[in-house]
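Undergrad: First, the structure itself, so that you have it in front of you.
Nothing in this text is a laboratory measurement; each read-out follows from the coordinates by a stated rule. This is a predicted model, so every value here is computed, not measured. Positions of Cβ are generated from backbone atoms using ideal geometry, with glycine treated the same way; all protein chains shown enter the neighbour counts.
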Amino acid sequence: MLHPGWIALALAAWGWRCRRDLTPSQRRLGTGLLWAGACGLLLAFGDSVGLPGTDRRLPLPLGWLHAVFPPARAFRAAWRFGQLATIAAAWWAAAGWLLLPGHAGGARRWRRLLPAAVVLALLVESWPARVPAVAIPDAGRPPAGVREGAVLTLPAPPDVHAEDAREAAWLLRALATGRAVTGGASGWVPPVAAALRRDLAACERGELDPGPLLARLRAGGVTSAEMRADDPDPRLAFWREALRAAGAVARPPIAGDGFEAWDWP
C-alpha cells in the first residue's frame with residue numbers, strides 16, 4: 001500500500017515543474033528549502049551504512065560531522081534531520097497545489113477534475129493496512145531461588161547495527177525475574193552499555209582477556225550470566241569456557257525456564 005505522503009510528493013513534483021510561474025522570491029525560498037531538505041535527508045541516514053554481503057560499514061556525512069565537530073555527537077536520533085526534507089516537500093506541495101490547472105482561469109472542466117481524481121486514487125491506494133506483529137518468545141516465570149544481583153546477558157551485539165530480537169527478549173526476562181540485565185538496550189544505547197558491548201566483542205575476537213572483564217563485572221554487582229538455552233550462536237561456546245575459567249558454576253536447568261544460567265559462588 002502506498003503511503004499518503006505520495007500525494008504531497010506528487011504535488012511537490014508538479015510545483016517544481018511549474019516553478020517558472022512562481023515569483024523570483026518564491027523560487028529563491030523554495031530552492032533554499034530544497035537544498036536544506038537534501039542535506040537533512042543525507043544526515044538522516046545516520047553515521048554509517050552496512051555494505052551488503054560484508055561486515056564492513058561505509059561512513060556517511062553524519063559520521064564525518066561527528067569526527068570533525070565533536071559537539072555534533074549530541075545530535076541523536078539522526079532521523080530527525082529528515083524533518084528538513086519534510087518541510088521542503090510541504091512547501092513545494094503547497095506551491096504545486098497553487099499551480100494546479102484547476103486554479104488557472106479558463107481551464108477546461110476535465111483539467112480541473114483530473115488532479116482531484118489523481119489525489120482520490122492515491123488516497124484509496126494508500127488506505128491503512130494491517131501490519132503483522134512479530135512474536136517474541138515469552139521469557140517465562142522467575143524460577144525459584146533466583147539469586148539477587150544483575151545478570152550478564154550473552155551473547156551481546158557488538159554495536160547498535162547488530163541488534164536483533166534477543167534484545168527484546170532480555171527486556172521480557174528482566175520483567176519476569178525482577179533482575180537488572182546488561183542487555184535489552186535498542187536504538188540509542190547508554191555509553192556504559194556501548195562500552196560493554198565493545199569489550200565483549202573484543203573478547204570474542206581474542207583482542208581482550210575475558211577474565212579481568214568478568215572480574216570487573218562481578219565487582220560492579222553482576223552475580224550471574226544467562227543465555228537462551230535454544231540459542232545456536234557459536235559465540236556461546238567461547239563464553240561457557242570463559243565463565244568456567246572465571247569461577248562461575250552452571251546452574252542446574254529448570255524445566256520450562258528456557259535459559260542457561262551461570263552463577264558465581
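Undergrad: Specify whether the C-alpha gyration tensor of region 5-125 places it in the rounded, prolate or oblate class, a ≥ b ≥ c being the square roots of the eigenvalues: rounded for a/c under 1.5, otherwise prolate if a/b is larger than b/c and oblate if not.
TA: Verdict is prolate for region 5-125.
Undergrad: Kindly express, to the nearest 10 degrees and within the range 0 to 90, the angle between helix 5-17's C-alpha long axis and the longest C-alpha principal axis of the chain.
TA: 40
Undergrad: Convert 25 °C to kelvin, take the viscosity as 0.890 mPa s, use the Kirkwood radius over C-alpha pairs of region 199-244 as Rh, and evaluate the Stokes-Einstein diffusion coefficient in µm²/s, rounded to a whole number.
TA: Estimated diffusion coefficient is 216 µm²/s.
Undergrad: To continue, here is another question. How much length is gained on full extension from residue 229 to residue 116, taking 0.36 nm per residue of separation minus their Cα-Cα distance?
TA: 34.9 nm
Undergrad: Ordered by packing density, taken as the mean number of other Cβ atoms within 10 Å over each peptide's residues, highest first, how do 235-243, 21-29, 158-166 rank?
TA: So the order, starting with the most tightly packed, is 235-243, 158-166, 21-29.
Undergrad: What relative contact order, as a whole-number percentage, does region 5-125 give when Cα pairs under 8 Å and 6 or more residues apart are counted?
TA: Dividing the mean separation by the residue count of region 5-125 yields 37 percent.
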